[in-house]
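**Q** This is the structure, below, for whatever I ask next.
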Amino acid sequence: MAALSSPFDFLFHTWSFNFLGKDIFAHDFFENAMRNFRIGFALVAAGLLIIEARAKRLGERLPDKITNRILWGFGIVGFLAYFDFFNPNVRYPDYYHRHEFYHYYLGSKYSRAVGYTDLYECTMIAEVENGRGAAIKTRDMRDLRVNLIKPVTQTYVFDNPNECKKRFSPTEWEAFKKDVSWFESVSRGGYWENMQQDHGYNPPPVWTMSGKLFSSMGVASDGFFKTLSLLDISLQAGTLAMLYWAFGLRVMAIAAVFWGTNAAANFYWTGGAFLRQDWIFLLVSSVCLARKRRFGLAGAALTWSSLLRVFPMIVFAGWIITAGIHLWRKRKLHPDHQKVLMGCVVCAGLLIPTSMVVTGPEAYKEFIGHINVHNRTPLTNHMGLETMLVHTWNGRMRFTRDSTLDDPFELWKQGRVNRFNTLKPLFFGIAIAVFGWMVWANRRTKALWISAGLALPLVVSLTNLTCYYYCMFLIAAPLYLVAPSIGPALLVTAGASQIILKSFYFIDDQYTAESYLFYTMGILLLWACSRPFSKERWEAWKAGKPEPKELPAAPQKPATAE
């Protein structure tokens, strides 16, 4: 497979070009220039949409040929902007993300042996046997059973290494040691040591099944990982292609510009990684398939996305509202909704048992236990309603970080947990209010692709996701066809997210501000796609009558001279 990367060698070599005494491709210069470019590009795209809408109201419009060229240009540039135009000087060495590959490659390839809690201990034991025992004794690592950082000497690494090794066959253990040795050799120093202080391997068993399929094809190596990193580029291009197929060029261009310019889900976090964009491809595909009336496949795609990353299942709430209203009125499921349900059942019926065969019968139980521990641990790049509620001035990382502790963020984390426990009634009250607004917005909506996009505010309300999952706002782009104001708003959100990242120094401040920004965007989706609540509208809807027309404004009396 390594040979497959040869046509893409431009990704993996340093670029250099001097202009007016500066290397414009150098890391610091190019990164700063790209940040400013993204702000300007997003705002220009938003402005052009506003100008176009204004021109249409005035009866003016550009020829379709010119419009399409502009849209293609913005779509292509937006896609490339996500990757910093593939300038290798600002990407990871040789493009692929070693930190990500360490977790996702080893975690899936050796899933039955390391599970969700033992990757770090097994790595340390492998290193000891590779002759690095003295260095390991002075290290700290995260104990994934309790999600706390502690000295390696307080774990079973030295006292009982067989606790890990007994789960490997002799051949598999030797292969694991070689893979670990390769990762250590290309990630030495603090970068390598910090890998074992992260939050472990977290994907559900269905992802482990597909990840294992690819990771088992080769040993850890430069060429193999370059090839695996191309999977996500293909999935991202496929996501935009699906939007083009289902909704047309304009929606695709809006989505591409948003993806390439937003700061929350930028390349830094999961770019150059291994199969991290499969869930968003399937989530967007579910909306596209619903638009094209492939309802069975739409249900299967959203189910598959949910089995890969869990939280997309909240998007089902939009579909459930639409289906529930029809069921309430007609006393039977609509044939389209029956097809969705069948797609969901067939997909889950195939993937869940198959993943249990591949990953082991206890995999789901272990995953649920691990995620329960993981979700009780706040992260500095979490985003959502919970982050907005628990962030206080005195509780900021700036004031609570304590470097004398094994885990410097222990006080910061505990403060957030305590505040959330106190604020749960408010949290659930807001979430219920958002759900009620969703019902109101969807009360006359029969199109499942619309109700899926309108579920985004509920996702942001109920989850506290790491920032890179906010590429989920791609499914808001099709709502431009319902409410054109959503297009500019989405792009302004992307540009503003870059400004926020420049405006705050501490990470928890940055992503709390990002949470407010994206939460506002979510509420704007509901605002743009629903009319204000009124008794007349409520009564008309209950009676199955058309929406009441707005009353004309009272005529103004002409001004009279004194």
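**Q** What do you reckon, is Ala264 out of contact with any Lys or Arg (no Cβ under 6 Å at 6 or more places or on another chain), open to solvent by less than 10 Å² (accessible area, probe 1.4 Å) and either under 20 Å from Phe316 (Cβ atoms) or not acidic (Asp, Glu) (or both)? Walk me through how you get there before you give the answer.
**A** Numbers: out of contact with any Lys or Arg (no Cβ under 6 Å at 6 or more places or on another chain): yes; open to solvent by less than 10 Å² (accessible area, probe 1.4 Å): yes; either under 20 Å from Phe316 (Cβ atoms) or not acidic (Asp, Glu) (or both): yes.
Taking the combined requirement at face value, the residue satisfies it.
**Q** Continuing with the same structure: Given Ser534, Ser451, Ser461, Ser515, which one is touching a strand residue (DSSP E or B) at 6+ places or on another chain (Cβ under 8 Å), more than 20 Å from Ala253 (Cβ to Cβ) and open to solvent by less than 30 Å² (accessible area, probe 1.4 Å)?
**A** Ser515
**Q** Here's something else I'd like to know. Just to be sure, is Phe83 modelled with pLDDT of 90 or more and open to solvent by less than 20 Å² (accessible area, probe 1.4 Å)?
**A** yes
**Q** Check region 109-120 and report whether any residue there is open to solvent by 40 Å² or more (accessible area, probe 1.4 Å), under 30 Å from Gln277 (Cβ atoms), modelled with pLDDT under 95 and in a helix (DSSP H, G or I).
**A** Yes, that holds for at least one residue.
**Q** Here is a follow-up. Out of (1) modelled with pLDDT of 90 or more; (2) open to solvent by 30 Å² or more (accessible area, probe 1.4 Å), what's the single condition that is false for Arg57?
**A** So Arg57 meets the others, but not (1).
**Q** Here's something else I'd like to know. Out of (1) under 20 Å from Ala455 (Cα atoms); (2) surrounded by fewer than 20 Cβ atoms within 10 Å (Cβ to Cβ), what's the single condition that is false for Leu350?
**A** Failing condition for Leu350: (1).
**Q** Tell me which helices (runs of 4 or more DSSP H) are completely within region 125-189 and hold 3 or more residues being touching a residue at least 60 places away in the same chain (Cβ under 8 Å) and within 25 Å of Gly360 (Cα to Cα), or say none if there are none.
**A** Ranges flagged: 170-186.
**Q** Related question: Can you spot a residue in region 206-221 that is open to solvent by 10 Å² or more (accessible area, probe 1.4 Å), at negative phi and free of Cβ contacts under 8 Å to residues at least 24 places away in the same chain?
**A** Within region 206-221, one or more residues are open to solvent by 10 Å² or more (accessible area, probe 1.4 Å), at negative phi and free of Cβ contacts under 8 Å to residues at least 24 places away in the same chain.
**Q** Let me ask something additional. On the phi < 0 side of the Ramachandran plot, of a type in the set (D, E, K, R) and part of a helix (DSSP H, G or I): is that true of Arg250 in this structure?
**A** In short, yes.
**Q** In addition: Looking at Trp269, Trp259, which one is touching a Gly at 6+ places or on another chain (Cβ under 7 Å), in a helix (DSSP H, G or I) and not charged (D, E, K, R)?
**A** Trp259 is the lone residue from the list that is touching a Gly at 6+ places or on another chain (Cβ under 7 Å), in a helix (DSSP H, G or I) and not charged (D, E, K, R).
**Q** If you go through region 86-96 one residue at a time, how many are on the phi < 0 side of the Ramachandran plot and buried (at least 17 other Cβ atoms within 10 Å of the Cβ)?
**A** Residues that pass the stated criteria total 7.
**Q** Looking at Phe435 and the list (1) in contact (Cβ under 8 Å) with a residue 24 or more places away in the chain; (2) over 30 Å from Gly544 (Cβ atoms); (3) surrounded by fewer than 18 Cβ atoms within 10 Å (Cβ to Cβ), which single condition is not satisfied?
**A** Of everything listed in (1) in contact (Cβ under 8 Å) with a residue 24 or more places away in the chain; (2) over 30 Å from Gly544 (Cβ atoms); (3) surrounded by fewer than 18 Cβ atoms within 10 Å (Cβ to Cβ), Phe435 misses just condition (2).
**Q** Working only within region 380-412, note down all residues that are surrounded by 14 or more Cβ atoms within 10 Å (Cβ to Cβ) and among the β-branched types (Val, Ile, Thr).
**A** Listed by number, the residues that qualify are Thr380, Thr387, Val390, Thr400.
**Q** Just checking, does region 241-248 include any residue being touching a residue at least 60 places away in the same chain (Cβ under 8 Å), more than 13 Å from Asp278 (Cα to Cα) and in contact with a Lys or Arg (Cβ under 9 Å, 6 or more places away or on another chain)?
**A** Yes, region 241-248 has at least one match.
**Q** Shifting gears a bit: For region 276-323, name all the residues that are of a type in the set (D, E, K, R) and either open to solvent by 30 Å² or more (accessible area, probe 1.4 Å) or part of a helix (DSSP H, G or I) (or both).
**A** Asp278, Arg291, Lys292, Arg293, Arg294, Arg309
**Q** In region 136-173, which residues are of a type in the set (A, V, I, L, M, F, W, C) and open to solvent by less than 40 Å² (accessible area, probe 1.4 Å)?
**A** Ile136, Met141, Leu144, Ile149, Val152, Val157, Cys164, Phe168, Trp173
**Q** Still on this model: Of the residues that sit in region 14-44 and are more than 11 Å from Asn87 (Cβ to Cβ) and of a type in the set (A, V, I, L, M), which one is modelled with the lowest pLDDT?
**A** Leu20
**Q** Given the structure, is Leu389 touching a Ser or Thr at 6+ places or on another chain (Cβ under 7 Å) and either under 25 Å from Leu456 (Cα atoms) or without any contact (Cβ under 8 Å) to a residue 12 or more places away in the chain (or both)?
**A** So Leu389 fails the test.
The values are calculated or read from the model by the stated rules, or taken from the named source; none is laboratory data. Only a predicted model underlies this, so the values are computations on that prediction, with no experimental measurement involved. So basically every Cβ, Gly included, is an ideal-geometry build from the backbone, and we count neighbours across all protein chains shown. When the accessible area is computed, the model is the full protein with side chains, heavy atoms only, and any ligands, DNA or RNA have been set aside. Shrake-Rupley method; radii C 1.70, N 1.55, O 1.52, S 1.80 Å.
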